[in-house]
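Heads up, the thing below is written out as structure tokens.
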Amino acid sequence: MIEFSELVRVVVDNWAVVVLFFLVAILYSSVGFGGGSSYLAILALTELSFIQFRAISLLCNIVVVSGGTYIYAEKGHYNWKRVVPLVLVSIPFAFLGGYLKISQTFFFVLLGVTLIVAALSMWVSKYIISSPKENTKYSVIKDSFFGGVIGFISGMVGIGGGVFLAPLLHLTNWDTPKRIAATASFFILVNSIAGLLGQFLSHNNETDFYFEPTIAFVFMLTVFFGGQIGSRLSASKISPLLLKRIAAVLIAFVGLRILYKYLF
């Protein structure tokens, strides 16, 4: 049982992270994302171990996109004929990525590269929006390949993979923008669960898998409220482009800082 006084202490000690997590959850959930890349960028600047914030990032992802996935499904935005090949292959690969034991240096180098790629995709997102007309041509093999590669990388890093998947689907005019957002939300949900399960089943001690319950609970509660707000807002209502580009700059800065530290 987590005591109220301990919750207050964690919030006070980590108030800046709590505020940032709340804002990230609103922004990302409004476009069908979980925010894992931004959570990692924020946590990378704290004193938490990389073992902890891999798990915390995935837990927060699950909380945020669960609501969005339900809302998208309720409104009929899923084209399951196309969604299933993506997730069927991505789930085992996300599990494998989470199951692998990786060194701290390798993790941070991979995280740095991931953050820079995520920042670039966020920056150019305005220019890679797919046509509103549905594209009926698709390839099961290609979708399965996309899902597997993104799932594996996401599982290792501790994100859901939506920040990679959505731009790729827009570039290939995979489906309508709304259905791509819905697909990204579901993709993040199932791969975050798979990656977290892989981390959990691979651990032998606290150096393999661990997170402080009170800190995780505070962050999860924060993103829950942020995600509920964002999931009910459309991108047009909150005009997220400027906020996304500000976030992209900050994420790129953290990514470059991490790479410089662990490569040089």
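The values are calculated or read from the model by the stated rules, or taken from the named source; none is laboratory data. Being a predicted model, the structure only gives us computed values, none of them experimental. No Cβ is skipped: glycine too gets one built from the backbone with ideal geometry, and neighbour counts run over all protein chains shown.
Observations on the model:
- Flag if residue 105 is in a helix (DSSP H, G or I) and more than 16 Å from the chain's Cα centre (by Cα): yes
- Conditions (1) more than 29 Å from residue 257 (Cβ to Cβ); (2) aromatic (Phe, Trp, Tyr); (3) at pLDDT below 85; number of the one not met by residue 80: (3)
- The set of residues from the stretch 56-80 being free of Cβ contacts under 8 Å to residues at least 24 places away in the same chain and not in a loop (DSSP other than H, G, I, E, B) comprises 70, 74, 80.
- Among residues of the stretch 181-214, those that are at pLDDT below 85 and assigned to a helix (DSSP H, G or I), counted: 2
- Once the stretch 115-153 is narrowed to residues that are polar (S, T, N, Q) and at pLDDT 80 or above, the residue that is surrounded by the most Cβ atoms within 10 Å (Cβ to Cβ) is 144.
- Search result, residues across the stretch 147-180 that are in a helix (DSSP H, G or I), aliphatic (A, V, I, L, M) and under 13 Å from the mean Cα position of the chain (by Cα): 150, 153, 156, 157, 163, 165, 166
- Of the criteria (1) at pLDDT below 85; (2) charged (D, E, K, R); (3) more than 16 Å from the chain's Cα centre (by Cα), which one residue 244 fails: (3)
- Test result for residue 224, farther than 24 Å from residue 74 by Cα and surrounded by fewer than 22 Cβ atoms within 10 Å (Cβ to Cβ): no
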